[in-house]
Every structure is written in structure tokens, then in C-alpha cells.
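Written below as C-alpha cells is the structure these notes are about.
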Amino acid sequence: MATTPLPEPVPLPALHASHSGCWLSDAAGNVRGMSRGEAIMAAAETPLLMLNAPLVASRLGYPELSGLDLLELFAFVHPARFMVPTPKGLAEALNLPLPEHEGEVPGLLARAAARLFEHCEAADWAEREGAHGVLQALARLKWPWSGLLAPHVARPERAERWLFARLPEWEEKPPRPQPAHVVLEPDAVGTQLDALTGADAERREGQHAYARDAAHVFAPRPEKGRPNVVLAEAGTGVGKTLGYLAPASLWSRAAGGTVWVSTYTKALQRQLRRESRRAWGPDDDRETPSVVVRKGRENYLCLLNLEDALQGGFQNRAGIFAQLVARWAAYSEDGDMVGGDLPGWLPTLFRRRGLAALTDRRGECVYAACPHYRKCFIERAARQSAHADLVIANHALVMVHAARGGEREGQQRPSRVIFDEGHHLFDAADSTFAVALSGSEAIEMRRWVIGPEGKSKGRRRGLAARLADVASYDEDGERAIAAAREAASALPSDGWLARIAESQPWGPFESLFAAVRRLTHARDEAGSEAGYGLETEAVDLDGAFLDAATQARDALASLRQPLMKLAARLEAILTDPPDWLDPQGRQRIEGARHSLSWRIDTLTAWEALLARLGGPADPDFVDWLAVDRAEAREFDIAIHRRWLDPMRPFAATVLEPAHGVLQTSATLCDRTPDGHDWDRAVRRSGAAALGLNPRMTEAESPFDYARQAQVIIVTDVKKGDIAGLAAAYGRLIEASKGGVLGLFTAIRRLRAVHARIADRLARNGLPLFAQHVDPIDTGTLVDIFRDDPRASLLGTDALRDGVDVPGDSLRLVIMEQVPWPKPSILHRARRAASGGGREERQAHDDAIVRARLAQAFGRLIRSRDDTGAFVVLSAAFPSRLLSAFPPGTPVTRTTLDDALQILQPGVSLGKAAATEQEI
């Protein structure tokens, strides 16, 4: 790192608070430790410099805390730039000395503020454009930094361009031709793989074999409806990403086609974007990017929503957030607000207020009627993906895209698809093809049709507003819109849950949800005081319930019918366009047709769901009623339907139209005691629904698990003993000196353990972070954990999959118990469908658990140099589940005290005396 002169600290008091204590520096830089109460009093008296105010507030137990947050200042000075939001991350980002102990952090904050002021005065400040105008707007919103920052941000000589004038426009392009049919030679695939891995890289035969097998999906398919399907398991360290990118990049160039790579986690999407540069290089000299990351509309900034927010739609803190988002939008690569280059910590500084309102989460886009349509991030991504060589997406988007035939921008259905993290494909299909009629979904439908009501603020973007010109020029369309608005008024409105709780439901839908709630509570056997959500089978429904369902179904039909008439009118207008229809109007009506189609499909599915209630059971589906709760507070009521086998609709919508599909993962197969169960992998691939025999291939991990890893099953931590569980976690983290990923199956236990050990660990220099506790998004928590080898992180399912923390930052994974599947109605139905006998049902559960264990263990060893231990705090760990771990991994059953001895420095992994077996 280049050495630059240290700036003089700004003469402002600064506060740092952690689990280990609080430190305050005065304006002269004198630092003293203090109690939390004193820190709260100091913060209430004068604005203090701090880093991540919500986190400091959480540490102090003072939610109303506010001050001069360095993260907000950093987001203004360097929008769209990554920084780990910790003192260490701040120092590294600004080229400042790292604090040697926590008492030096207040001084760092003062120097960091000075360094950021320096950047604003520098001639080479890369993000200068637009800063002065945004700062003036922030001053009007009374942003605490505005007065301090003003002397350092010079007024530009020329008037600054408005943000929306600075963003580039996308251009329409002719449709891409169909790809040519080419055959990839194995030698060519190997040569391409060598080029991607580099001349100096060690040749891995397993990776080469994997790449050759993956190339099969790019061969011409034998006949329509019968794609080339490959199921490929590649152990950690094989290098499967470059293994499939090698044939994918060869094919896309030779055939002129688009390859879709689908993931389940955002972390893998980011990794794929980096790795793809090896195959396609930078896009500096390309008119259209060769690689595009594509997400659902709800992930991107809506420029029309942003304009409304900037022009008074957002006030106070939400208004400040909107201005900082505007700074980011001017420098963002793609406008992705969820997992893109918007710092994940920025929305959490504002308690996530405004984030949802700045994206298109309710399908209210006006398309070409929007003044920013030609600069829209969503439209640009859609058009770029139609001409890209590689599209990186997620499982749900690929399924929706395939089902809708390429959406509205002319993109063909994905014909060559690689599903990485393929072990999640079943769950993704389960969610994508599910139907749920809930209060929250119904009220969103009402808002989509009617628009804001009552005291709701914001632009009127109901159906009438979005199609105002159609209503003006087409009487049939006007009548259909009016009829839809009248029918939508029967849907739930604001306050519906409170009215149901008070036994005063209004309208057919609230009456139906009241009946769902009544029946679900009546049939509850677990005890509603447990605080969890309730559910019951949708069988043996009484007459009152069925009457309510019939009335709600009739109301749905009353809404669906005018929407269908409106869709027909829009089709007629496009077929025989009137004089007033200009090109922009055509684009907007085409967009409205697709939105209408989506809503009509939803209403049709809801009608079918209600029609089935009280009738004979359909063996293909599972229906149930639910009251959703969090910490004993009800927040939704719903009727659910899931496919018993969601891979059937997946096969029909994704596999059948495709030419080639690769499903790959490190844990694609169930690792039974008798070996890998490929039958289960085939069943969960969807291939059986089309009568296909997929090609199956396996590449073993090159890691030496006997030397690098150890599984320890602790036998003396009693189930249900929270104090004992917390003590075990605390002692294990201390023995490992941090670097621990703790995985929980229940949020309540996670919070209880964190509360008991966080302060003690921090006083020993071992910071502890936790999902569902710290006001930080999951991606940023992982960034913090990765950046500090002494830190530990507690979490749930989101940290069990897709977290890549190689090196010394992750040395120990702890699972609090065996991750058995939740005994839900859906799980029970699928368990029963797996076979009638006890052994079949047990095998069904065991396969789920082994998959979860394998994924959790996969977080531990990510490179040849990694070492670590995997600890399960459960004496009742069945031996039949041990096959989840890689062959050769030593397994030890022992007490907590002995486990702590094994984890001491100098004790070789895999050499413990009490080893039960080598798997």
C-alpha cells in the first residue's frame, strides 16, 4: 500500500462501542473509556463521530442513537465503492494505519473524516460530478454531515447535469439469430480450459474430465423435447466453475448463442462474474457486454420511484437515503440494489426504510410512458442479456423466464442452461411453481389495480393511471378498467389483520382469511403460545368455511373477467393500431399486456386453489392453511398449494424446450453409507418426467481431508440446555481463537447463545457477529467475518450454503444440533410419497440431513492450504449420517473437554486418539 501523509484529525468528538466496551475521544483527541450509560449521555448531548450508527446503537442498547456516521460520509464521497464497514476496513479503504486496539478507534474515525474531506478537495476525485448538487439537497434535509462537508466540495464552474440526464441510454437491436449447431471436440475443450486456468496452473485431471462431460450439453439435441441433460457432481476444489465455462465460452463463440448460468446464491453470482472475465475478457471494446448479470425486476433501482423520492416523496432520514442512492446511481455498473455495487450496509443505516419503495416490487412499471424508460437499468439489463454470450442469473428467474417465453424484450427461452448449486434446484422449483393466496398478496393485487388509497403517498400508479390514454380513446377499455377497479375493492385493504383479530372482517376475502385463522387455531395441537406459525391440512372443511371460499372465488372471477377483456382490447389496439398510437405507446401497451397476463395467471391459480377446497384430494398437490407468525405476532394468513413433485412443472417449462442442461454441485447426490445415490439425483433433476436418461459424471475433491479436516461429535451438551449450549460455543470459540462459523436451526436459540457470550468473547479480543441480531445485511456480515481472522459469525440456513471464506478466517464450523427437516405438512406429504415403510420414510429424512451436513462441511475446506474442524453439539448423532462427510475424514465422538484439547494449537487434525472411524 502506498504511503501518504496522515491527515490531521478533525476536531470532533468520536465514539466507538463494541461488546467489549466504549471509548470516547474529545475534540482534542483525548480518549477515555466509559460505561454504556455514559456513552449514551454523551451521544445525546452532541453529535459524535461513529462508524455504523445502527450497530453502535445496538451495542449500547439505545435505538434512538444518531450522529455523524462515517459510513454515510463514505457513501457520499465514494459511491459504488466496496468497503468492509469495520474500523479495519475503513482504515484499509482510506490508507490509514490500522488501530492496534479498540481505544485507538475514535482517533481513526477523526482521521478518516479528514481523509474523506481531503478526497473531496483533490483534483482527481473520481466521483466529483453531481456531488455539489446532492450536497445542497442533503443540506435542506438537515443531513448532519452537510455543514462540515460544504467547505470541501467546491461549487462547479458550470451547472451540473441532473442525474437523469447523465445516465446513458440503451438502444434497440435486431433479434439475435438462432445459434449455429456445432460439436465441441474434447481436445478443444481441454485447450480452452488450460487457457482459462493459466499456463502456470497445476493440471487437474478431474477438472478436465468434468469439462469434457459438461460439453455434452452443447451438442445438438437428438429430437424436440429431449434435451441433452448432464448431472455432474464435482467435489470442492475440482474447479467446476472454469470446468463448465471452458465449453460454454467455446460454444457461445462458435455458435453465436447465449449460455445461461444459474445460481442459488448472490455470492456465487459475484464469483461467476469475476471468473467469466477469464473466458471473455473485459468489455471495453464491445458495444454490448459479453457477460451480463440478470436478476428479477425487484432487485433494480426504479428511476421513476427515485425521482419521486427526490422531489419530496421521501422526507427526513428516508430523504437522505434517496439522495445517497442518487449519488450511487450515477456511478453504478448496473443499478442492482440487492447484491450489486450498492454497499449492502447502506440501506441498513436507514433501517432499510425506502429500499423497497425505490425498486419495482409491485409490478407497477409504466414502461414507455416513463420519462426515464430509455435509461432504465431494468430495460438495459434485459436487452443486454438478449445479445450476451453469458447470462448469469438465479434459479427462480430462469424458471420464470422460460415459463414466459423470454418475456417482453424478444429474448428466446434459455436453450443452454447450467444450473450451478444444482442441489437447490428442487427447492427453487418448489417455490417458483407454488400458489399462495395470502392477505399480503391479495392487498398487493388491490394496490396494483386501484393504486394508492387514503393517506397513502406517492404517484398514482393504479391501472387507470397506467393506461390513461387507452381509457381516453377506447370505450371498451375504459369500461374494463372501471369494472376491474370496482371488483378489486372487494380485496383486503389496510388494517385487514386488525379487523380479523377483532372478529370484524370486511368483504369476502377478509371473511375467508378469518375462517382460515379460526380453523387453524382450532386444530392447533402444539400450543399457540409457542410463538411459531400455525398450519393445518385443508381437509374436512366445514360449511361456513366453504361458503366463504365460494364467495371469495366469485369475487376473484369478477376481477379476472374485466382484466381479460382489457387484455383483449390491448391486443386489438396493437393488431389494428389507432392514429394516436405512437411507438412509445405501443411499447407501453405491450408491457401492460405482459403485466396483465401475469396478474390474470395469478387470479386463475387462486380460483383453482379455492375451487379444490372441499373436493376430492388431488394426488399431485399438497394444500394447507396457515397463520404466519414471528415471535408470537401474526403477520399474515394464507392458503397454500404446492406440487408434490415440483420437478414436473420444471421439466415442462425449462427442460423440455431446452437443447442442453447441466445440473452441477458439490453435493448433487445423497452420500448414503452404501455410496452415492444417483437415483435420488435423477428423480430430483426433472429428467424422469420427460423419460430422459441423463449423463452422470463425478469428479472427486482433490483435498486431503484426512490431513486437513476433523469431525468432532460432542456427546455431553444436553439438548434444550441453552446455558450449556452457550457455554460450549463460548469455550469452542475461545479455543479456536475465533474463525468460527456457528450454524443454528432456530433463530431463538441463536439469539440466546449470542446474548450470553458476545460480551465475554469481545473482552478477550474475539468479536462475535450474528444474523438476526446485528443490524447488518448477511452479505456484509460475511465480508466482516472474512476480513478478520479473530471474528466469529453465528447464523442460520443462509450461511450454510454459498459462503466462500477460504484461508485462516474460517477454521471451525459448529452446528448446534442435527439439522432435521421441519415436520411441516408439506414435508410429511413428501415423506409419505417416498414410500410406505418406516425405512423409506427414514431414508427420505436422512437424505435431507446428509445434504445439509455436506453443505455445512463444505464451508470449511476451500483450498489445499485450509485446515479446520467440524463440530456437532449432539450426542444423538446417528452413525448412518456420517457418510455426509468426504471419505477419509476422521470422526471423533468425545466430550466437550476433550474436544477443546483436540482444538488446541499443535494438535494435528485427524490424529485424535478417540477417532471413531474414517469415513
With respect to P619, determine if the residue is part of a helix (DSSP H, G or I) and within 30 Å of E840 (Cα to Cα).
no
Could we say that T697 is touching a helix residue (DSSP H, G or I) at 6+ places or on another chain (Cβ under 9 Å) and part of a loop (DSSP other than H, G, I, E, B) here?
no
Would it be correct to say that P492 is under 31 Å from the mean Cα position of the chain (by Cα) and either outside any helix (DSSP H, G or I) or surrounded by fewer than 16 Cβ atoms within 10 Å (Cβ to Cβ) (or both)?
yes
Can you tell me which residue is nearest to G340 (Cα to Cα) among those in region 748-772 that are more than 18 Å from the chain's Cα centre (by Cα) and outside any helix (DSSP H, G or I)?
F769
Cβ contacts < 8 Å: first residue buried (at least 19 other Cβ atoms within 10 Å of the Cβ), restricted to region 112-137; second residue of a type in the set (G, A, S), any location; separation 6+ or different chain. Result?
A112/A91; C120/A131; G130/A326; G130/A330; V134/A326; L135/S146; L135/A150
Quick one: which residue in A869, A829, A875, A884 is in contact with a helix residue (DSSP H, G or I) (Cβ under 6 Å, 6 or more places away or on another chain) and in contact (Cβ under 8 Å) with a residue 40 or more places away in the chain?
A884
Matching residues, region 46-82, being farther than 18 Å from R36 by Cα and crowded, with 19+ Cβ neighbours inside 10 Å:
L68, D69, L70, L71, E72, L73, F74, A75, F76, V77, H78, P79
Looking at region 331-352, is at least one residue more than 17 Å from G130 (Cα to Cα), in contact with a helix residue (DSSP H, G or I) (Cβ under 6 Å, 6 or more places away or on another chain) and free of Cβ contacts under 8 Å to residues at least 40 places away in the same chain?
yes
Going residue by residue through region 182-204, is there one that turns out to be among the basic types (K, R) and more than 31 Å from the chain's Cα centre (by Cα)?
yes
Can you tell me which residue is farthest from L73 (Cα to Cα) among those in region 22-45 that are surrounded by 15 or more Cβ atoms within 10 Å (Cβ to Cβ) and more than 35 Å from the chain's Cα centre (by Cα)?
M34
Pair list, Cβ < 6 Å and 6+ apart or interchain, from region 455-482 residues that are hydroxyl-bearing (S, T, Y) to residues that are at pLDDT below 80:
Y473/W580
Residue that is nearest to the chain's Cα centre (by Cα) [pool: residues in region 256-276 that are of a type in the set (V, I, T) and under 21 Å from L799 (Cβ atoms)]
T265
Quick one: would you say I825 is touching a strand residue (DSSP E or B) at 6+ places or on another chain (Cβ under 7 Å) and either more than 22 Å from V753 (Cα to Cα) or of a type in the set (A, V, I, L, M) (or both)?
yes
Please state which of the following conditions K718 fails to meet, knowing it meets all the rest: (1) in a helix (DSSP H, G or I); (2) at pLDDT below 95; (3) among the basic types (K, R).
(1)
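Regarding T745, is this residue part of a loop (DSSP other than H, G, I, E, B), of a type outside the set (G, A, S) and buried (at least 17 other Cβ atoms within 10 Å of the Cβ)?
Against the criterion (part of a loop (DSSP other than H, G, I, E, B), of a type outside the set (G, A, S) and buried (at least 17 other Cβ atoms within 10 Å of the Cβ)), T745 qualifies.
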Of all residues in region 155-176, count the ones that are modelled with pLDDT of 90 or more, over 15 Å from P371 (Cα atoms) and loosely packed, with under 13 Cβ neighbours inside 10 Å.
1
Would you say A27 is out of contact with any Phe, Trp or Tyr (no Cβ under 8 Å at 6 or more places or on another chain), outside any helix (DSSP H, G or I) and within 24 Å of A139 (Cα to Cα)?
yes
Looking only at residues in region 388-422 that are crowded, with 19+ Cβ neighbours inside 10 Å and closer than 25 Å to A330 by Cβ, which one is modelled with the lowest pLDDT?
A388
Checking the conditions here, which among E537, E529, E525 is loosely packed, with under 14 Cβ neighbours inside 10 Å, farther than 22 Å from P492 by Cβ, at pLDDT below 95 and within 33 Å of the chain's Cα centre (by Cα)?
E529
Those residues of region 212-224 which are surrounded by fewer than 23 Cβ atoms within 10 Å (Cβ to Cβ) and within 20 Å of F650 (Cα to Cα), in sequence order
R221, E223, K224
Across (1) within 18 Å of L881 (Cα to Cα); (2) buried (at least 23 other Cβ atoms within 10 Å of the Cβ), S665 clears everything bar (1)
Condition first: within 14 Å of I639 (Cβ to Cβ) and either among the acidic types (D, E) or under 32 Å from the mean Cα position of the chain (by Cα) (or both). Now tell me which residues in region 501-511 satisfy that.
F509, E510
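Residues checked against (1) crowded, with 20+ Cβ neighbours inside 10 Å; (2) more than 29 Å from the chain's Cα centre (by Cα); (3) in a helix (DSSP H, G or I):
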site	(1), (2), (3)
D547	no, yes, yes
K565	no, yes, yes
W580	no, yes, no
Q587	no, yes, yes
T604	no, no, yes
L610	yes, yes, yes
Of the criteria (1) within 30 Å of V449 (Cβ to Cβ); (2) in contact with a strand residue (DSSP E or B) (Cβ under 7 Å, 6 or more places away or on another chain), which one L349 fails
(1)
Which of (1) in a helix (DSSP H, G or I); (2) in contact (Cβ under 8 Å) with a residue 40 or more places away in the chain; (3) surrounded by fewer than 18 Cβ atoms within 10 Å (Cβ to Cβ) is the odd one out, the single condition G779 does not satisfy?
(3)
Working only within region 777-808, note down all residues that are farther than 18 Å from N52 by Cα, modelled with pLDDT of 90 or more and over 21 Å from the mean Cα position of the chain (by Cα).
P789, R790, S792
Residue under evaluation Q504, criteria (1) farther than 19 Å from R629 by Cβ; (2) in a helix (DSSP H, G or I), criterion not met:
(2)
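Working only within region 492-522, note down all residues that are acidic (D, E) and at pLDDT 95 or above. So that I can check it myself, show each step before the final result.
The first filter runs over region 492-522 and keeps only residues acidic (D, E), leaving 494, 502, 510.
The answer is E510, and nothing else.
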How many residues does region 874-892 contain that are out of contact with any Ser or Thr (no Cβ under 7 Å at 6 or more places or on another chain), closer than 19 Å to T667 by Cα and outside any helix (DSSP H, G or I)?
4
Exactly one of P179, P227 is surrounded by 13 or more Cβ atoms within 10 Å (Cβ to Cβ) and out of contact with any strand residue (DSSP E or B) (no Cβ under 7 Å at 6 or more places or on another chain), and that one is P179
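The values are calculated or read from the model by the stated rules, or taken from the named source; none is laboratory data. The structure displayed is predicted, hence computed values, not measured ones. Positions of Cβ are backbone-derived with ideal geometry, glycine not excepted, and every protein chain shown enters the neighbour counts.
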